[in-house]
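Peer 1: One structure, as structure tokens, below. Some questions next.
The values are calculated or read from the model by the stated rules, or taken from the named source; none is laboratory data. Since this is a predicted model, take the numbers as computed values, not measurements. Every residue, glycine among them, receives a Cβ derived from its backbone with ideal geometry; neighbour counts consider all protein chains shown.
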Amino acid sequence: MKNYFKLVDFEMKRFWKIYAALIGLLITAQSITVAVLSNSYKNRFEESYMPGMNYVDDYSVRFSNVTMSDGFMVPIVLIISALVFYIFFTWYREWLGKNTFAYQLLLLPFNRMTIYFAKLTSLLLYIFGCLVIQIAMYPLLNTIFTSIVPQEIRIDQSLLLWLSPDSLLGVLIPSNSVDFFTSYGVGIVAVSVIFTVIILERSFRLKGVGLGIAFIAFCIFLFVESFIIGENYLLYIQERVILQIVSLVMITVLSFMISYYIINKKISV
Amino acid sequence: MKFELNNRDPIYLQVVMYFKQQIALGEISAGMEIPSRRELATMLNINPNTVQKAYKEMEDQKLIVTERNFPSKVTTNEEVLQKIRKDLIEEATVQYVETMKRIAISFDEVMDEVKKAYEKKGGKHD
Amino acid sequence: MIDVKGISKKYLFKKVLKDVSFTVKKGEITCLIGVNGTGKSTTLKTITNLTPFNNGDILIDGISIKKKRSDNISFVPDHMTMPANMKIRQAFQFMKDFYPRWNEERAAELVDYMNIDVNQKIGALSKGNAAKVSLILGLSLNTDYVLLDEPFSGIDLFAKEKIRNLFSSHFIEGRGILLTTHEIEEVEHLLDRVVILNDGVIVKDFYTEQMRMEEGKSVIDQLREVYQG
């Protein structure tokens with residue numbers, strides 16, 4: 001257990017500089033976007049304002065206008081891309097370059113599955129870190145918005161309404177807990193599967209990729225089956241949800257088991 | 001004399017020979033403490049196991065003596081020391097004579113050569 | 001004792017190791033010799049669980065590595081395996097954090113002996129210094145067995161001398177050493193035992209002093225026989 005925590009600490013320290021840069025970029029880009037857009041709304045209004053005109057219909061803005069904009073979304077997409085890249089990079093970096101750190105990791109005097117869990121944990125911590133930071137930024141960004149945009153054209157919303165379910169943000173920061181567990185639950189399962197495929201590739205190379213694809217297909221099959229069974233047996237909604245969760249748990253356990261065996265017995269440097 | 005080893009003869013025997021030569025030359029004196037196994041291994045740059053074998057051989061040949069709880073010392077036994085000198089002299093001589101015999105020169109010529117070589121080296125001869 | 005029993009390994013369709021058997025005893029320096037590509041590195045990697053094998057077994061002090069990976073072995077690879085942006089002392093800290101067998105005092109002794117500045121970044125080290133650091137990392141673990149993959153390859157004369165001297169020192173004494181090399185001239189006089197590997201097969205396995213005593217042959221003579229028939 002102790003080794004697990006030490007390894008998580010080690011993995012996190014390796015990536016934190018890039019992570020900090022990404023977060024810095026997020027904060028800067030979004031703050032600037034909010035400020036610039038707020039200013040443009042304000043100016044647009046003030047330039048065209050004539051007493052007696054109906055400005056509500058033509059000039060009113062909500063905070064969600066800002067959050068849907070490119071300047072706001074692009075840094076988020078960037079961070080998502082970086083984290084997706086990191087899912088692969090966290091493993092492949094150990095074999096890249098002339099100093100193959102994979103030797104050191106695989107020689108550590110404890111079960112190699114600890115490495116798997118440490119990398120998974122660090123990744124998840126980084127992802128949730130981003131979430132927390134983005135959520136924490138909201139009130140602050142909103143303050144910038146409300147302080148620049150004149151009250152006449154501003155429509156203030158509650159936090160939850162900003163996150164409409166059909167926007168990217170709505171998916172990333174779901175407003176209800178069920179959606180949260182669904183999105184992120186599936187996400188974690190997907191990462192576990194990807195990790196397993198990576199370990200298969202590192203152990204069996206080309207044959208491993210083949211095995212990996214077969215494994216992914218099987219996992220998808222399991223997940224889809226859970227829906228189909230629900231349909232065919234006309235199960236209640238709660239029962240269907242349980243079935244889906246069971247399939248996800250099975251996939252995760254299978255990923256762990258396969259990874260455990262392969263990384264301890266079959267992997268090669 | 002510097003210790004130069006070849007890789008065809010057992011190294012441990014070469015070490016024993018080296019010790020004998022050093023004793024005969026007076027570089028190592030009777031009763032002198034010999035270096036530890038590891039020290040000698042480092043000095044000669046060989047495997048400590050080889051030194052171990054050499055020391056055992058030297059003990060068997062009574063070249064060194066070990067008292068309990070004391071480091072090993074070169075023997076002070078005059079008989080043994082003299083025998084070492086004699087053995088070395090005999091070996092060198094035999095080798096020389098064999099070489100000379102192959103060249104087929106007379107005994108007197110050999111003695112002349114020996115005298116000349118001695119004089120060159122500044123040694124006295126009777 | 002490290003007991004390698006009938007190891008075979010296939011890589012793609014080629015048999016890289018064929019029925020390889022030998023032992024490494026504590027207190028002895030054993031050398032695995034062969035030209036490049038004959039499976040020397042692969043053999044070391046099978047012993048340390050860094051690559052799997054198809055047949056046979058490897059026992060370390062009686063326990064099969066298939067059952068449990070041994071922590072009584074230290075491996076010094078033929079290249080630096082710590083990240084380039086890490087400082088040497090950070091690498092030491094890494095070892096200290098994760099290895100109960102890490103011996104801090106011995107590491108400090110070796111740093112002194114090798115004259116290394118631990119504040120340097122690993123990526124900035126010359127090949128010779130990197131080799132020295134790899135050695136320090138491996139030798140500072142309190143293990144009975146140390147495996148070294150080509151410890152003399154591609155490094156300068158003076159670094160080689162320093163490394164060679166280690167083999168007569170207390171850092172190595174009493175431990176079971178297995179090293180691979182294809183530069184036999186430099187180390188012949190240090191070896192207790194030699195195992196010659198050719199094309200994945202063991203062709204000769206002998207004790208050096210015994211070979212000298214019985215046949216008057218050096219290790220190089222033996223190699224010559226193997227390669228020139």
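Peer 1: Residue by residue through the stretch A:37-64, note down the ones that are among the polar types (S, T, N, Q) and farther than 14 Å from A:Ile144 by Cβ.
Peer 2: Step one: filter the stretch A:37-64 for residues among the polar types (S, T, N, Q), giving A:38-40, A:43, A:48, A:54, A:60, A:64.
Across the stretch A:37-64, the qualifying residues are A:Asn43, A:Ser48, A:Asn54, A:Ser60, A:Ser64.
Peer 1: Residue under question is A:Gln30, and the condition is that it be surrounded by 15 or more Cβ atoms within 10 Å (Cβ to Cβ) and without any contact (Cβ under 8 Å) to a residue 40 or more places away in the chain; does it hold? Let's see the steps before the verdict.
Peer 2: Working: surrounded by 15 or more Cβ atoms within 10 Å (Cβ to Cβ): yes; without any contact (Cβ under 8 Å) to a residue 40 or more places away in the chain: no.
It is false that A:Gln30 is surrounded by 15 or more Cβ atoms within 10 Å (Cβ to Cβ) and without any contact (Cβ under 8 Å) to a residue 40 or more places away in the chain.
Peer 1: Let me ask something else. Given the condition under 18 Å from C:Asp61 (Cα atoms), crowded, with 18+ Cβ neighbours inside 10 Å, at pLDDT 95 or above and touching a Phe, Trp or Tyr at 6+ places or on another chain (Cβ under 9 Å), answer yes or no: does some residue in the stretch C:31-42 qualify? Full working, then the answer.
Peer 2: To start, the set of residues in the stretch C:31-42 that are under 18 Å from C:Asp61 (Cα atoms) comprises none.
No, there is no match, as no residue in the stretch C:31-42 is under 18 Å from C:Asp61 (Cα atoms), crowded, with 18+ Cβ neighbours inside 10 Å, at pLDDT 95 or above and touching a Phe, Trp or Tyr at 6+ places or on another chain (Cβ under 9 Å).
Peer 1: Pick from B:Arg102, B:Arg68: which is surrounded by fewer than 16 Cβ atoms within 10 Å (Cβ to Cβ) and either under 28 Å from C:Arg212 (Cβ atoms) or within 14 Å of chain C (Cβ to nearest Cβ) (or both)? Walk me through it before giving the result.
Peer 2: Numbers: B:Arg68 fails: either under 28 Å from C:Arg212 (Cβ atoms) or within 14 Å of chain C (Cβ to nearest Cβ) (or both).
Selected residue: B:Arg102, the only one of B:Arg102, B:Arg68 that is surrounded by fewer than 16 Cβ atoms within 10 Å (Cβ to Cβ) and either under 28 Å from C:Arg212 (Cβ atoms) or within 14 Å of chain C (Cβ to nearest Cβ) (or both).
Peer 1: Is there a residue in the stretch A:38-46 that is in contact with a Cys (Cβ under 8 Å, 6 or more places away or on another chain), farther than 30 Å from A:Leu108 by Cα and at pLDDT 90 or above? Walk me through how you get there before you give the answer.
Peer 2: Restricting attention to the stretch A:38-46, the residues satisfying the condition of being in contact with a Cys (Cβ under 8 Å, 6 or more places away or on another chain) are none.
So far as the stretch A:38-46 goes, no, none of its residues is in contact with a Cys (Cβ under 8 Å, 6 or more places away or on another chain), farther than 30 Å from A:Leu108 by Cα and at pLDDT 90 or above.
Peer 1: Looking only at the stretch C:177-196, filter to residues that are in a loop (DSSP other than H, G, I, E, B) and not acidic (Asp, Glu); which one of those is surrounded by the most Cβ atoms within 10 Å (Cβ to Cβ)?
Peer 2: Restricting attention to the stretch C:177-196, the residues satisfying the condition of being in a loop (DSSP other than H, G, I, E, B) are C:182-183, C:187, C:191-192.
Filter again for not acidic (Asp, Glu), leaving C:182, C:187, C:191.
Values: C:His182: 15, C:Val187: 21, C:Leu191: 25.
Here the answer is C:Leu191.
Peer 1: Go through the stretch C:172-194 and give me each residue that's out of contact with any strand residue (DSSP E or B) (no Cβ under 8 Å at 6 or more places or on another chain), at negative phi and not charged (D, E, K, R).
Peer 2: So the first thing to find is which residues in the stretch C:172-194 are out of contact with any strand residue (DSSP E or B) (no Cβ under 8 Å at 6 or more places or on another chain), and the list is C:173-174, C:183, C:185-186, C:188-189.
Filter once more, so that each one left must be at negative phi: C:173, C:183, C:185-186, C:188-189.
Result: C:His189, single match.
Peer 1: Out of C:Asn49, C:Asn72, C:Asn85, report the one residue that is within 12 Å of chain A (Cβ to nearest Cβ) and closer than 22 Å to A:Ile199 by Cβ. Can you show your working first?
Peer 2: Working: C:Asn72 fails: closer than 22 Å to A:Ile199 by Cβ; C:Asn85 fails: closer than 22 Å to A:Ile199 by Cβ.
The unique qualifying residue is C:Asn49.
Peer 1: Which condition breaks for C:Ile177 when tested against (1) within 12 Å of chain B (Cβ to nearest Cβ); (2) in contact with a Phe, Trp or Tyr (Cβ under 7 Å, 6 or more places away or on another chain)?
Peer 2: (2)
Peer 1: In this structure, does C:Ala84 turn out to be among the aliphatic types (A, V, I, L, M) and either under 19 Å from C:Cys31 (Cα atoms) or in a loop (DSSP other than H, G, I, E, B) (or both)?
Peer 2: For C:Ala84, the condition - among the aliphatic types (A, V, I, L, M) and either under 19 Å from C:Cys31 (Cα atoms) or in a loop (DSSP other than H, G, I, E, B) (or both) - is met.
Peer 1: A follow-up question, please. Of all residues in the stretch C:12-46, count the ones that are touching a helix residue (DSSP H, G or I) at 6+ places or on another chain (Cβ under 8 Å) and without any contact (Cβ under 8 Å) to a residue 60 or more places away in the chain. Explain how you work it out, then say what you get.
Peer 2: Initial filter on the stretch C:12-46 (touching a helix residue (DSSP H, G or I) at 6+ places or on another chain (Cβ under 8 Å)): C:16-17, C:20, C:27-29, C:31-35.
Subset that is without any contact (Cβ under 8 Å) to a residue 60 or more places away in the chain: none.
The qualifying residues number 0.
Peer 1: Which of the residues spanning the stretch A:196-249 are closer than 16 Å to A:Ser268 by Cα and either in contact with a Lys or Arg (Cβ under 8 Å, 6 or more places away or on another chain) or in contact (Cβ under 8 Å) with a residue 60 or more places away in the chain (or both)?
Peer 2: Result: A:Thr196, A:Ile198, A:Ile199, A:Leu200, A:Arg202, A:Ser203, A:Phe204, A:Gly208.
Peer 1: Next question. Scan the stretch C:205-221 and tell me whether some residue there is more than 12 Å from every other protein chain (Cβ to nearest Cβ) and either more than 21 Å from C:Leu50 (Cα to Cα) or modelled with pLDDT of 90 or more (or both). Write out each step before concluding.
Peer 2: Residues of the stretch C:205-221 more than 12 Å from every other protein chain (Cβ to nearest Cβ): C:205-206.
Then keep just the ones that are either more than 21 Å from C:Leu50 (Cα to Cα) or modelled with pLDDT of 90 or more (or both); that gives C:205-206.
Yes - at least one qualifying residue is present in the stretch C:205-221.
Peer 1: Would you confirm, using the coordinates I've provided, whether C:Lys87 is basic (Lys, Arg) and surrounded by 16 or more Cβ atoms within 10 Å (Cβ to Cβ)? Give the steps one after another, and end with the answer.
Peer 2: Numbers: basic (Lys, Arg): yes; surrounded by 16 or more Cβ atoms within 10 Å (Cβ to Cβ): yes.
Spelling it out, C:Lys87 is indeed basic (Lys, Arg) and surrounded by 16 or more Cβ atoms within 10 Å (Cβ to Cβ).
Peer 1: Kindly provide the set of residues from the stretch C:27-46 that are over 12 Å from the mean Cα position of the chain (by Cα), within 11 Å of another protein chain (Cβ to nearest Cβ) and not polar (S, T, N, Q), ordered by number. Before the answer, list the steps.
Peer 2: Our first condition is that a residue be over 12 Å from the mean Cα position of the chain (by Cα); within the stretch C:27-46, this holds for C:27-28, C:34-39, C:46.
Adding the requirement that they be within 11 Å of another protein chain (Cβ to nearest Cβ) leaves C:27-28, C:46.
Residues satisfying the conditions are C:Gly27, C:Glu28.
Peer 1: Sticking with this structure for a sec: I'd like to check something: does the stretch A:111-134 contain any residue that is within 14 Å of another protein chain (Cβ to nearest Cβ), under 29 Å from C:Ala130 (Cβ atoms), touching a residue at least 60 places away in the same chain (Cβ under 8 Å) and not aliphatic (A, V, I, L, M)? Spell out the reasoning first.
Peer 2: First, pick out the residues of the stretch A:111-134 that are within 14 Å of another protein chain (Cβ to nearest Cβ): A:111-115, A:118.
From the residues that got through so far, the ones that are under 29 Å from C:Ala130 (Cβ atoms) too are A:112, A:114-115, A:118.
With touching a residue at least 60 places away in the same chain (Cβ under 8 Å) added as a condition, the list becomes A:112, A:114-115, A:118.
Subset that is not aliphatic (A, V, I, L, M): A:112, A:114.
Yes, the stretch A:111-134 contains a residue that is within 14 Å of another protein chain (Cβ to nearest Cβ), under 29 Å from C:Ala130 (Cβ atoms), touching a residue at least 60 places away in the same chain (Cβ under 8 Å) and not aliphatic (A, V, I, L, M).
Peer 1: A follow-up question, please. Considering only the stretch A:137-232, give the helices (runs of 4 or more DSSP H) lying wholly within it that have at least 1 residues that are β-branched (Val, Ile, Thr).
Peer 2: Of the helices (runs of 4 or more DSSP H) lying wholly inside the stretch A:137-232, those with at least 1 residues that are β-branched (Val, Ile, Thr) span A:168-172, A:177-232.
Peer 1: Counting only residues that are touching a residue at least 40 places away in the same chain (Cβ under 8 Å) and within 9 Å of chain A (Cβ to nearest Cβ), which one in the stretch C:96-111 is farthest from C:Lys162 (Cα to Cα)?
Peer 2: Here the residue is C:Tyr99.
Peer 1: Residues in the stretch A:118-150 that are surrounded by fewer than 18 Cβ atoms within 10 Å (Cβ to Cβ) and under 30 Å from A:Phe101 (Cα atoms): how many?
Peer 2: The total comes to 5.
Peer 1: Among the residues of the stretch C:112-133, are any in a loop (DSSP other than H, G, I, E, B), out of contact with any Cys (no Cβ under 7 Å at 6 or more places or on another chain) and within 10 Å of chain A (Cβ to nearest Cβ)?
Peer 2: So in the stretch C:112-133, the residues in a loop (DSSP other than H, G, I, E, B) come out as C:115-120, C:125-126.
Add one more test, that the residue is out of contact with any Cys (no Cβ under 7 Å at 6 or more places or on another chain), and what stays is C:115-120, C:125-126.
The next check asks that each one be within 10 Å of chain A (Cβ to nearest Cβ); those that pass are none.
For the stretch C:112-133, residues in a loop (DSSP other than H, G, I, E, B), out of contact with any Cys (no Cβ under 7 Å at 6 or more places or on another chain) and within 10 Å of chain A (Cβ to nearest Cβ): absent.
Peer 1: Let me ask something else about it. Looking at B:Gln95, B:Gln52, can you tell me which residue is among the polar types (S, T, N, Q), closer than 30 Å to C:Val194 by Cα and out of contact with any Pro (no Cβ under 6 Å at 6 or more places or on another chain)?
Peer 2: On inspection, the qualifying residue turns out to be B:Gln52.
Peer 1: Sticking with this structure for a sec: Do you know which residues across the stretch B:15-45 are more than 14 Å from chain C (Cβ to nearest Cβ) and not in a helix (DSSP H, G or I)? Full working, then the answer.
Peer 2: Taking the stretch B:15-45 first, the residues more than 14 Å from chain C (Cβ to nearest Cβ) are B:19-34.
Answer for the stretch B:15-45, where residues must be more than 14 Å from chain C (Cβ to nearest Cβ) and not in a helix (DSSP H, G or I): B:Gly26, B:Glu27, B:Ile28, B:Ser29, B:Ala30, B:Gly31, B:Met32, B:Glu33, B:Ile34.
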